[in-house]
Amino acid sequence: MGDTITIIDDRTGKQVTVPITNGVFPSAALRELDPDLRMYDPAFLSTAACSSAITYLDGDGGILRYRGYPIEQLAEHSTYLEVAYLLLNGELPTTEQLAAWTNDVTHHTFIHENMRKRFVDGFHYDAHPMGMFVSAVAALGTFYNDAKDIFDVASRDKQVLRLIAKMPTLAAMCHRFSVGQPFVYPDNSLSFPANFLNMMWKVGEYEVDPVLARAMDVLFILHADHEQNCGTTAMRVVGSSQADPYSACSAAASALYGPLHGGANEAVVRMLEEIGSIDNVSGFIEGVKQGKEKLMGFGHRVYKNYDPRATIIKNTAYDVFQVTGNNPLLDIALKLEEVALKDDYFVSRKLYPNVDFYSGLIYQAMGFPTSMFTVLFAIPRTAGWLAHWVELLGDKEQKISRPRQAYIGRGVRDYVAIGDRA
Ligand code: ACO
């Protein structure tokens, strides 16, 4: 038996046999049977919309690799900037390449003064930082008229560099505005994560704790890419119209904003606060099983096993708590995990902790307000979005994204004058 699939149209008896390559078969086979036939696949559960060489994910095995490198090894040995280079270029950098890349990123961290003074100052005092961030990323593109030259490789590389470098600056700026503190300029003498923490927290004398800087970097590595998730799909769909990368990144960040995606860690902390005590865990779990609420930070479209990022994050949490002191919500989270993983409701549905279950606890212990959690996700995910965008632009099989539909509305009917309507 070859690696093929045969599809028979029972209406006509016509059949077509097509190869299965890398676990997919071309949907063109359906068009061969009947050009008007479509596959109905809401939420793309069975659709591969692209070929990609960036991230490998095996949801049943709990495996995640960037460009072939296991996430566990990258989290232990690498840095976010090195990982960003890997995602974008396909290979780990040499010493010289990493030095040049780090130097370039470090020297593109500043943003135009008008971004802060004119754009950000226009927000309402209590604007959500993620809403500000989404808009700020799109607005940033208006400062670079060459951003639209997406097929000019030099210009494209420049935008990639700018976006990677300026995301922490935008993120910290949104936070400082939302709490009424003066903006802190980037400090080129600091590493990527230390510079971000400095821009976030510096008031008078402030020294970045190296344990916290490393924890931040590990979290950035873990969040850098996750193949065709909702945000990355938004990046590819918007990118497919040949929009500039700032607009596409802003769309991707908007997708990330939702509580079922990057907003989940914010929802996890709120959930833990509402539960309030480990004595209430069993009652809460019963409520979840009755469908009253969701256990936020559990479940994943692809992982039907422990999310490997959750394991690393759980360990990172203990490193952070050594510096910051324990987060009292940790005990509730541990108890929830323990109870859920023994309960048939969760076991039978293969619901395990995902990346967001513990990350919020670390962010909270580090002093980040919950409203900043999704922003923290967007900073490193920019590397993944851009790697997919660059891959998309070089993919000859791609065209503008344009799914079809199954029309279920009314047939043709004549317009009725307003006075004659029932
Ligand atoms: N709590 C309780 N039940 C759940 C949960 C949960 N967190 N997640 C899934 N289920 C149940 C569903 O009710 C469904 O049960 P049923 O078969 O009896 O109807 C079953 O498990 C399958 O769930 P689906 O919703 O079909 O799974 P889907 O793949 O569409 O959703 C998702 C995945 C959105 C992540 C979901 O698990 C969820 O909402 N989790 C909570 C939010 C969350 O943590 N999101 C972060 C994901 S990671 C990320 O985006 C970075």
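The values are calculated or read from the model by the stated rules, or taken from the named source; none is laboratory data. This structure is a prediction, so every number in the text was calculated from the model and none was measured. Please note: Cβ atoms are built from the backbone with ideal geometry, for glycine as well, and neighbour counts cover all protein chains shown.
Table: residues versus (1) over 20 Å from the mean Cα position of the chain (by Cα); (2) within 16 Å of the ligand (Cβ to nearest atom).
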position	(1), (2)
ASN315	yes, no
TYR318	yes, no
PHE321	yes, no
ASN327	yes, no
TYR352	no, yes
TYR363	no, yes
LEU376	no, yes
ALA383	no, yes
TRP389	no, no
Review point. Does MET167 satisfy the criteria of being out of contact with any strand residue (DSSP E or B) (no Cβ under 7 Å at 6 or more places or on another chain), closer than 18 Å to ASN103 by Cα and not hydroxyl-bearing (Ser, Thr, Tyr)?
Key: yes
Among residues of the range 248-265 being within 11 Å of the chain's Cα centre (by Cα) and more than 11 Å from the ligand (Cβ to nearest atom), the residue nearest to TYR358 (Cα to Cα) is TYR257
Within the range 73-113, residues touching a residue at least 12 places away in the same chain (Cβ under 8 Å), surrounded by fewer than 17 Cβ atoms within 10 Å (Cβ to Cβ) and in a helix (DSSP H, G or I) come out as GLN97, LEU98, ASP104
With respect to MET199, is the statement that it is of a type in the set (A, V, I, L, M) and touching a Pro at 6+ places or on another chain (Cβ under 8 Å) true? yes
**Prompt:** What about THR6, is it loosely packed, with under 12 Cβ neighbours inside 10 Å, assigned to a strand (DSSP E or B) and not aromatic (Phe, Trp, Tyr)?
**Reply:** yes
All conditions in (1) in a helix (DSSP H, G or I); (2) within 13 Å of the ligand (Cβ to nearest atom); (3) more than 20 Å from ALA53 (Cα to Cα); (4) of a type outside the set (D, E, K, R) are true of THR232 except (3)
Does the range 284-302 contain at least one residue that is farther than 29 Å from ALA251 by Cα, at pLDDT below 95 and in a helix (DSSP H, G or I)?
no
Apart from one, (1) over 21 Å from PRO245 (Cα atoms); (2) buried (at least 17 other Cβ atoms within 10 Å of the Cβ) all hold for ARG156; the odd one out is (1)
Subset of the range 354-395, residues under 22 Å from LEU57 (Cβ atoms) and among the aliphatic types (A, V, I, L, M), comes to VAL355, LEU376, ALA378, ILE379, ALA383, LEU386, ALA387, VAL390, LEU392
Of the candidates ARG270, ARG309, the one satisfying the condition of being within 14 Å of the ligand (Cβ to nearest atom), assigned to a helix (DSSP H, G or I), surrounded by fewer than 15 Cβ atoms within 10 Å (Cβ to Cβ) and not acidic (Asp, Glu) is ARG270
| query | Could we say that GLY262 is of a type in the set (Gly, Ala, Ser), touching a Leu at 6+ places or on another chain (Cβ under 8 Å) and part of a helix (DSSP H, G or I) here? | reply | no
Going through (1) over 20 Å from the mean Cα position of the chain (by Cα); (2) within 9 Å of the ligand (Cβ to nearest atom); (3) crowded, with 20+ Cβ neighbours inside 10 Å one by one, ASP356 fails only at (1)
